[in-house]
Amino acid sequence: MIFKSKDSTRKISKHPVEGVSGVYFGKDRFLRVVEQPAGRPEYVSSISNTATKFQLADKYGNIGLIAHNYLGGRLFHDVNLGDDIHVMDGYGHTRVYKVREVLQYQAVNPRDTRSNFIDLKTNQLCTASDVFKRVYQGKHHVILQTCIKKGNNEEWGRKFILAYPAEKINSRR
């Protein structure tokens, strides 16, 4: 089912968007989305104003978008609870998601993809597997992931923004 927003000519979809090509955060904040090369789940694009679609999230029916905090991920730091995220495909279809959670972790070994993490809210020690399951599994949602910089360490921690399908779409087409 396709919907049309009052203030836009974009088609708003009630179903997950296939083939993500962009993400819009409002206020002229937009990132183009590129795919990871097959079999390279560690790959993150080094192109400015770009997010990388995290292929492992697809296995769980979710959309993971990762970006370096000094490139596209810098926009993630301005996304707050309750904000809308518009995920677009290459055909002009958009699905709106609402930010419901922001999770932040310190990486015990920042350059190790399998590092343990410390939840910055609870100070609980978590394995990489625990964090992955918490963030990437479950009911359909979008995940924005970037690193947290502390001092000169660009990879000190990780930030995850979880957004779930918006429940209300204004007008039907």
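From the set of residues in segment 50-75 that are assigned to a loop (DSSP other than H, G, I, E, B) and in contact with a strand residue (DSSP E or B) (Cβ under 6 Å, 6 or more places away or on another chain), which is surrounded by the most Cβ atoms within 10 Å (Cβ to Cβ)? Talk me through it step by step, then tell me what you get.
Pass one, segment 50-75, residues assigned to a loop (DSSP other than H, G, I, E, B): 59-62, 67-71.
Narrowing the set further to residues that are in contact with a strand residue (DSSP E or B) (Cβ under 6 Å, 6 or more places away or on another chain) leaves 67, 69.
Numbers: ALA67: 27, ASN69: 21.
For segment 50-75, the residue satisfying everything is ALA67.
Which residue, of VAL96, VAL87, VAL135, is more than 23 Å from PRO41 (Cβ to Cβ) and of a type outside the set (S, T, N, Q)? Give the derivation first.
Working: VAL87 fails: more than 23 Å from PRO41 (Cβ to Cβ); VAL135 fails: more than 23 Å from PRO41 (Cβ to Cβ).
Matching residue, one of VAL96, VAL87, VAL135: VAL96.
Please go through (1) within 23 Å of ASN152 (Cα to Cα); (2) of a type outside the set (Phe, Trp, Tyr); (3) at pLDDT 95 or above for GLY22 and return the number of the only condition it doesn't satisfy.
(1)
I want to confirm something. Restricting to segment 80-105 and keeping residues that are among the hydrophobic types (A, V, I, L, M, F, W, C) and more than 13 Å from PHE30 (Cβ to Cβ), which single residue is surrounded by the fewest Cβ atoms within 10 Å (Cβ to Cβ)?
Among them, the one singled out is LEU81.
Is it the case that LYS159 is in a strand (DSSP E or B), surrounded by fewer than 18 Cβ atoms within 10 Å (Cβ to Cβ), in contact with a strand residue (DSSP E or B) (Cβ under 7 Å, 6 or more places away or on another chain) and in contact (Cβ under 8 Å) with a residue 60 or more places away in the chain? Spell out how you get there, then give the answer.
Details: in a strand (DSSP E or B): yes; surrounded by fewer than 18 Cβ atoms within 10 Å (Cβ to Cβ): no; in contact with a strand residue (DSSP E or B) (Cβ under 7 Å, 6 or more places away or on another chain): yes; in contact (Cβ under 8 Å) with a residue 60 or more places away in the chain: yes.
Taking the combined requirement at face value, the residue does not satisfy it.
Filter segment 89-112 for residues that are touching a strand residue (DSSP E or B) at 6+ places or on another chain (Cβ under 7 Å), closer than 22 Å to GLY151 by Cα and outside any strand (DSSP E or B) and give the result.
Step one: of segment 89-112, the residues touching a strand residue (DSSP E or B) at 6+ places or on another chain (Cβ under 7 Å) are 89-90, 92-108, 110-111.
Keeping just the survivors that are closer than 22 Å to GLY151 by Cα gives 102-108, 110-111.
Of everything in segment 89-112, those that are touching a strand residue (DSSP E or B) at 6+ places or on another chain (Cβ under 7 Å), closer than 22 Å to GLY151 by Cα and outside any strand (DSSP E or B) turn out to be VAL108, PRO110, ARG111.
Identify the residue in segment 28-75 that is among the acidic types (Asp, Glu) and more than 22 Å from VAL131 (Cβ to Cβ) and, among all such residues, is nearest to the chain's Cα centre (by Cα).
So the first thing to find is which residues in segment 28-75 are among the acidic types (Asp, Glu), and the list is 28, 35, 42, 58.
Filter once more, keeping what is more than 22 Å from VAL131 (Cβ to Cβ): 28, 35.
Working: ASP28: 17, GLU35: 13 Å.
Ranking the qualifying residues of segment 28-75, first place goes to GLU35.
Please list, ordered by first then second residue, the pairs with beta carbon atoms under 6 Å, 6 or more apart or interchain, first in segment 98-111 and of a type in the set (Phe, Trp, Tyr), second crowded, with 16+ Cβ neighbours inside 10 Å.
TYR105/PHE117; TYR105/ASP119; TYR105/GLY157; TYR105/ARG158
Looking at SER129, SER46, SER115, which is the one that is at pLDDT 95 or above, assigned to a loop (DSSP other than H, G, I, E, B) and either on the phi < 0 side of the Ramachandran plot or buried (at least 16 other Cβ atoms within 10 Å of the Cβ) (or both)? Spell out the reasoning first.
Numbers: SER129 fails: assigned to a loop (DSSP other than H, G, I, E, B); SER115 fails: at pLDDT 95 or above.
Every option except SER46 fails the conditions.
The values are calculated or read from the model by the stated rules, or taken from the named source; none is laboratory data. Worth saying up front: this structure is predicted, and the values here are computed from it rather than measured. All Cβ positions, even for glycine, are placed from backbone atoms using ideal geometry, and neighbour counts span all protein chains on display.
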